[in-house]
Every structure is written in C-alpha cells, then in structure tokens.
Amino acid sequence: YGTKEIRVTGKTHHDKDSVHIHFADDTGIVCEEIFEFPYSDEPITLTKELPDLRGNISVKFRFLPGCAFDLDSFVVIPKDK
C-alpha cells in the first residue's frame, strides 16, 4: 500500500521544539521530516505528507539537546487502494 502521511501528537513547554523523524531502509535514510511544535499545555497533533514509502522501513525519532518534548503518539497513514 505505501504511505500517505504521518501524524505526531505531543507537547512542549518551550516556545518551540523540533522533532526529527528519519525513515530508513537497509541502504540508509530515505526520508526525513522535521516537525516544529509550539508551546502548548495540552498535546497537539501535526500532520505531514510522506512520499510513497514501501517495504521494510524503520522509523527513528531524534530530539535535539535541551529538547523538552513530550511525545504522546504517532501514526503513519497508508495510501488508499
């Protein structure tokens, strides 16, 4: 089926925190998305479109030093048939 988008839910008490998400296969990183989360007392959800990723893909989250991000959840949405 492949991928359509990713939704990340979380919050930060900083003015802004970034979350870097790497999608990789056996040859290395095939896609990187960066989410910029603004300050929020409650979790918020941000969505980004993804390229059509297929096969055995690993997902890795990278948080920069000093980041105070509370990850609630993430979901990868598949393409429609």
> Which numbered condition trips up R62, out of (1) open to solvent by less than 30 Å² (accessible area, probe 1.4 Å); (2) in contact with a His (Cβ under 7 Å, 6 or more places away or on another chain)?
Replying inline: (1)
>> If I ask for residues that are out of contact with any strand residue (DSSP E or B) (no Cβ under 6 Å at 6 or more places or on another chain) and not hydroxyl-bearing (S, T, Y), which ones from segment 26-50 would you list?
In response: D26, G28, D41, E42, I44
>> Cβ-Cβ distance below 9 Å, separation of 6 or more or different chains: which pairs start in segment 43-56 with a residue that is closer than 13 Å to D80 by Cα and end on one that is surrounded by 10 or more Cβ atoms within 10 Å (Cβ to Cβ)?
In response: D52/G2; D52/T3; D52/K4; D52/K79
> For segment 1-37, how many residues are of a type outside the set (S, T, N, Q) and open to solvent by 60 Å² or more (accessible area, probe 1.4 Å)?
Replying inline: 13
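When the residues of segment 65-81 are narrowed to those that are touching a strand residue (DSSP E or B) at 6+ places or on another chain (Cβ under 7 Å) and open to solvent by 60 Å² or more (accessible area, probe 1.4 Å), which ends up farthest from H20 (Cα to Cα)?
Restricting attention to segment 65-81, the residues satisfying the condition of being touching a strand residue (DSSP E or B) at 6+ places or on another chain (Cβ under 7 Å) are 67-79.
Adding the requirement that they be open to solvent by 60 Å² or more (accessible area, probe 1.4 Å) leaves 70-72, 74-75, 78-79.
Details: D70: 14, L71: 12, D72: 15, F74: 13, V75: 15, P78: 20, K79: 22 Å.
Here the answer is K79.
The values are calculated or read from the model by the stated rules, or taken from the named source; none is laboratory data. The structure presented is a predicted model; accordingly, all values stated were derived computationally and were not measured. Please note: Cβ atoms are built from the backbone with ideal geometry, for glycine as well, and neighbour counts cover all protein chains shown. Keep in mind that these areas ignore ligands, DNA and RNA; they rest on the heavy atoms of the full protein, side chains included. Shrake-Rupley method; radii C 1.70, N 1.55, O 1.52, S 1.80 Å.
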